[in-house]
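Colleague: Got a structure here, written out as C-alpha cells. Questions coming.
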Amino acid sequence: MKDEFDRLVKLTGAVYDGEPWYGPSVKSILSDLTEDHRVLRTGESHSINELIFHMVAWRNMIAQTLEGNNEYVVSDEENFKPHANKYSLKEATEALEMSQVLLLKALSTFDADKLQEKVPGKKYSYYQLIQGIIHHDVYHAGQISLLKKKIQSN
C-alpha cells in the first residue's frame, strides 16, 4: 500500500505544480491570468475565481478528512462562494496555494495502511477520496483552460 500511496502523493503534487502527463499543471494554467480574467465567464459558466474557490473548498475537505475530521462538510457558501469575484486573483490563488499546503500536510501524516479502508460514514475509501481530488483538480483546470481560451480569443 505504501508504494501506491506514495504514487498518489506524487501525482497530487504533479497535477498542482509539477509536470503531469496531460499538459500544464493547475498552477501553470493560472500563472498568466490577469485580474480582469478572474470574473469573466462564458454563457452560464462559473467565473475563474468561482472555480478556484470551489477547488479550495473541496481540497480543504479532503485535508480535514485525511486528518480524521469525518464530520467536515463543504457548505453551499464554500462550494461556490457567492462573492468569489470580490476577491482579487492574487487572493484566490493564495487560497489555492494554502489548500495545497494543507493537503500535502494531511497526506504526509496519513497512515498509508488505511488507504483501502472506507472513510467512516461514507461509501468510498480513502484511496477513492484521494483519487477523487486529483480528478477534481484536473476537471476544473480544464474548465479554466477553456475559459482562458475563450477570453483570449475575444
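Colleague: Confirm whether residue 42 is more than 26 Å from residue 21 (Cα to Cα), at pLDDT 95 or above and either surrounded by 15 or more Cβ atoms within 10 Å (Cβ to Cβ) or of a type outside the set (Gly, Ala, Ser) (or both).
Modeller: no
Colleague: Quick one: in the stretch 111-141, of everything that is in contact (Cβ under 8 Å) with a residue 60 or more places away in the chain and of a type in the set (D, E, K, R), which residue is nearest to residue 52 (Cα to Cα)?
Modeller: Selected residue: 137.
Colleague: If you don't mind, there's one more thing I want to ask. Would you say residue 57 is touching a Phe, Trp or Tyr at 6+ places or on another chain (Cβ under 9 Å) and without any contact (Cβ under 8 Å) to a residue 60 or more places away in the chain?
Modeller: yes
Colleague: State which residue pairs qualify: first residue closer than 12 Å to residue 52 by Cα and inside the stretch 94-110, second residue of a type in the set (Lys, Arg) and surrounded by 20 or more Cβ atoms within 10 Å (Cβ to Cβ) in any location, beta carbons under 6 Å apart, and separation of 6 or more residues or different chains.
Modeller: Going by the 6 Å Cβ cut-off, the qualifying pairs are 99/59.
Colleague: Pick from the stretch 117-133 the residues that are surrounded by 15 or more Cβ atoms within 10 Å (Cβ to Cβ) and touching a Phe, Trp or Tyr at 6+ places or on another chain (Cβ under 9 Å): which of them is nearest to residue 70 (Cα to Cα)?
Modeller: Filtering the stretch 117-133 for residues that are surrounded by 15 or more Cβ atoms within 10 Å (Cβ to Cβ) and touching a Phe, Trp or Tyr at 6+ places or on another chain (Cβ under 9 Å), the one nearest to residue 70 (Cα to Cα) comes out as 119.
Colleague: Mind listing whichever residues of the stretch 7-45 are part of a loop (DSSP other than H, G, I, E, B), more than 15 Å from residue 143 (Cα to Cα) and β-branched (Val, Ile, Thr)?
Modeller: Across the stretch 7-45, the qualifying residue is only 34.
Colleague: Quickly run through the stretch 38-48 and pick out the residues that are farther than 12 Å from residue 148 by Cα and touching a residue at least 12 places away in the same chain (Cβ under 8 Å).
Modeller: Passing the criteria: 45, 46.
Colleague: Looking at the stretch 46-154, what helices (runs of 4 or more DSSP H) fall wholly within it and have at least 2 residues that are hydrophobic (A, V, I, L, M, F, W, C)?
Modeller: 48-66, 89-109, 126-153
Colleague: Also, quick follow-up: Of the residues 90, 122, 149, 81, which is of a type in the set (Lys, Arg), closer than 17 Å to residue 27 by Cα and at pLDDT below 95?
Modeller: Going through 90, 122, 149, 81 in turn, just one is of a type in the set (Lys, Arg), closer than 17 Å to residue 27 by Cα and at pLDDT below 95: 149.
Colleague: Another one. Read through the list (1) surrounded by 19 or more Cβ atoms within 10 Å (Cβ to Cβ); (2) modelled with pLDDT of 95 or more; (3) farther than 13 Å from residue 104 by Cβ, then give the number of the only condition that residue 12 fails.
Modeller: The number of the failed condition is (3).
The values are calculated or read from the model by the stated rules, or taken from the named source; none is laboratory data. Note that this is a predicted model, so its numbers are computed, not measured. Note: ideal-geometry Cβ built from the backbone for every residue, glycine included; neighbour counts use all protein chains shown.
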